[in-house]
Amino acid sequence: MESNLYFQIIFPILLGYFFGCIQNSYFVGKYKFSVNVKEEGSKNAGASNSVMLFGFKYGFFVGLIDVFKAYVPMMIIFSMYSEYPQDQVLLLACVSGAGAIAGHMFPFFMKFDGGKGMACYLGMLIGFDFSFGLIVCLIGAILLMITNYVAAATIIIVVCIPIFAHFFCGATLSLVIAVSLLSCLIITKHTENIFKILNGTESTFWSVFKK
């Protein structure tokens, strides 16, 4: 890590960012349905709005690709830096995953106004620890069915993720802090949804799922 320190840190961030900028919901909407996802539905470039606008099949596809947008660059970093100590490689991979989340939320070609980052966040967690990431996905799905709101389930799970990462995965303090910051960022992106839930104007999970 001593030599070319800046490149070793900046490259994973940029790699993840450019993967994150692949706004598949925008492209599916534009080229398949002639719809701008930033102007229709919840006006969010993500899986939940894609389900609302295009149906479950295309929404699931969008969400799956969003997961891989964080997972794939992390695997590239693991491969490129395989000779490094495991904790350093893991940190660089997570930096790349965080870059993907940033790219998804703030894509340069959409005036830095993208999605809310949860699917990419799950992709980063799967890259961090495959079993842990899948368990988080399962818990998130259960919470989604119980609460009937994507935003409510998202906020509950992102609050718990740093705690789970520390106690069940042995994540270092720096990783826990980084994950906590990402969780806070994702919560802020769902603030409007929380107000809609309180006002009774937010679309429920089951109503969207049936489309």
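The values are calculated or read from the model by the stated rules, or taken from the named source; none is laboratory data. Every value quoted in this text rests on a predicted model; they were computed, and no experiment measured them. Neighbour counts are summed over all protein chains in view; Cβ atoms, including those assigned to glycine, are modelled from backbone coordinates with ideal geometry. For the accessible areas, the whole protein counts, side chains as well, though only heavy atoms, and no ligand, DNA or RNA atoms are used. Shrake-Rupley method; radii C 1.70, N 1.55, O 1.52, S 1.80 Å.
If you check Ile101, Ile77 for being in contact with a Cys (Cβ under 6 Å, 6 or more places away or on another chain), in contact (Cβ under 8 Å) with a residue 60 or more places away in the chain and either among the β-branched types (Val, Ile, Thr) or more than 23 Å from Gln8 (Cα to Cα) (or both), only one passes: Ile101.
The residues of the stretch 155-203 that are modelled with pLDDT of 85 or more, not in a helix (DSSP H, G or I) and not hydroxyl-bearing (Ser, Thr, Tyr), listed by number, are His190, Gly200, Glu202.
Only one of the numbered conditions (1) aromatic (Phe, Trp, Tyr); (2) open to solvent by less than 20 Å² (accessible area, probe 1.4 Å); (3) under 25 Å from Asn193 (Cβ atoms) is not met by Phe106, and that is (2). Screening Trp206 against (1) more than 20 Å from Met52 (Cβ to Cβ); (2) part of a helix (DSSP H, G or I); (3) open to solvent by 60 Å² or more (accessible area, probe 1.4 Å); (4) hydrophobic (A, V, I, L, M, F, W, C) leaves a single unmet condition, (1).
Being at pLDDT below 95 and over 16 Å from the mean Cα position of the chain (by Cα) narrows it down to one residue among Gly41, Gly117, Gly59; which is it?
Sole residue among the options that is at pLDDT below 95 and over 16 Å from the mean Cα position of the chain (by Cα): Gly41.
The stretch 1-97 holds helices (runs of 4 or more DSSP H) entirely within its bounds, and those carrying 2 or more residues that are under 18 Å from Ser174 (Cβ atoms) and open to solvent by 10 Å² or more (accessible area, probe 1.4 Å) map to 5-20. Of the residues in the stretch 91-98, none is within 23 Å of Glu192 (Cα to Cα) and in contact with a Phe, Trp or Tyr (Cβ under 8 Å, 6 or more places away or on another chain). Going by the conditions given, is Asp113 in a loop (DSSP other than H, G, I, E, B), acidic (Asp, Glu) and over 23 Å from Cys137 (Cα atoms)? So Asp113 passes the test. Being at pLDDT below 95 and within 17 Å of Asn49 (Cα to Cα) is the requirement here; does Leu144 meet it? Here the answer is yes, as Leu144 does meet what is asked.
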